[in-house]
1. Pick out the one residue from 93, 147 that is free of Cβ contacts under 8 Å to residues at least 40 places away in the same chain, loosely packed, with under 12 Cβ neighbours inside 10 Å and under 23 Å from residue 18 (Cβ atoms).
2. Testing residue 88 on (1) over 26 Å from residue 43 (Cα atoms); (2) open to solvent by less than 20 Å² (accessible area, probe 1.4 Å), one condition comes back false. Which one is that?
3. Please specify each residue of the stretch 69-105 satisfying the condition of being acidic (Asp, Glu) and under 13 Å from the mean Cα position of the chain (by Cα).
4. Look at residue 16 and say whether it is under 21 Å from residue 143 (Cβ atoms), open to solvent by 50 Å² or more (accessible area, probe 1.4 Å) and acidic (Asp, Glu).
5. Give the residue that is farthest from the chain's Cα centre (by Cα), with candidates limited to residues of the stretch 140-156 that are among the charged types (D, E, K, R) and under 15 Å from residue 124 (Cα atoms).
6. So which of 115, 122 ends up being over 16 Å from the mean Cα position of the chain (by Cα), modelled with pLDDT of 95 or more and open to solvent by 20 Å² or more (accessible area, probe 1.4 Å)?
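The values are calculated or read from the model by the stated rules, or taken from the named source; none is laboratory data. Since this is a predicted model, take the numbers as computed values, not measurements. Reconstructed Cβ throughout: ideal geometry from the backbone, glycine too, with neighbour counts over all protein chains shown. Only protein heavy atoms, including side chains, enter the accessible area calculation; ligands, DNA and RNA are left aside. Shrake-Rupley method; radii C 1.70, N 1.55, O 1.52, S 1.80 Å.
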Amino acid sequence: MEIRRAAESDLGALRELRLRALTDAPDAFGSSIERELARTDEQWRWWVDTAATFVLVVGDDAGFGGMAAGVADLEVDHRAHLIAMWVAPEHRRLGAASQLVDAVCEWARDRRARDVHLHVADGNEAAERLYERCGFRRTGETFVRERDGAVEHELARRLRSPRIS
């Protein structure tokens, strides 16, 4: 297994992976399969042009087995967000999820972010335990998800100082 940043040439496989994630765990995401199916090619390019999307490569032709993306906060300096985290069931409990989280956090740290925030749906204990093992803690903030009214908890991880090059 290898974690690497997705490129434009990966968009087809990334789209398949995102749709698989939404099919497997629809309540874990702010988006819906209907919304993702309606995306244009240009909107799919956002995942590699604007977001820093990392993928779990599982074999030469097997495609991807997981993903996580990082985006800069447009309102708060030195903050990034971890979004769209998912690992296929057959690759869970092998350390891939922690590696994907670490890849996003390293990307954020290299861009001088001081912390990374994420949302986890109320009741998604497995995801929250993973994030806690990766150094995230609840901030006390909650949000109501627009698409379905689900409550999400905000978690944050403070990052080490950026590397000096």
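1. Values: 147 fails: free of Cβ contacts under 8 Å to residues at least 40 places away in the same chain.
The match here is 93.
2. (1)
3. Step one: filter the stretch 69-105 for residues acidic (Asp, Glu), giving 73, 75, 77, 90, 102.
Matches in the stretch 69-105: 102 only.
4. no
5. Start the filter on the stretch 140-156 by keeping residues that are among the charged types (D, E, K, R), which leaves 141, 145-148, 152, 154.
Now narrow it down to the ones that are under 15 Å from residue 124 (Cα atoms): 145, 152, 154.
Numbers: 145: 17, 152: 15, 154: 14 Å.
Filtering the stretch 140-156 for residues that are among the charged types (D, E, K, R) and under 15 Å from residue 124 (Cα atoms), the one farthest from the chain's Cα centre (by Cα) comes out as 145.
6. On the way: 115 fails: over 16 Å from the mean Cα position of the chain (by Cα).
After ruling out the rest, the residue left standing is 122.
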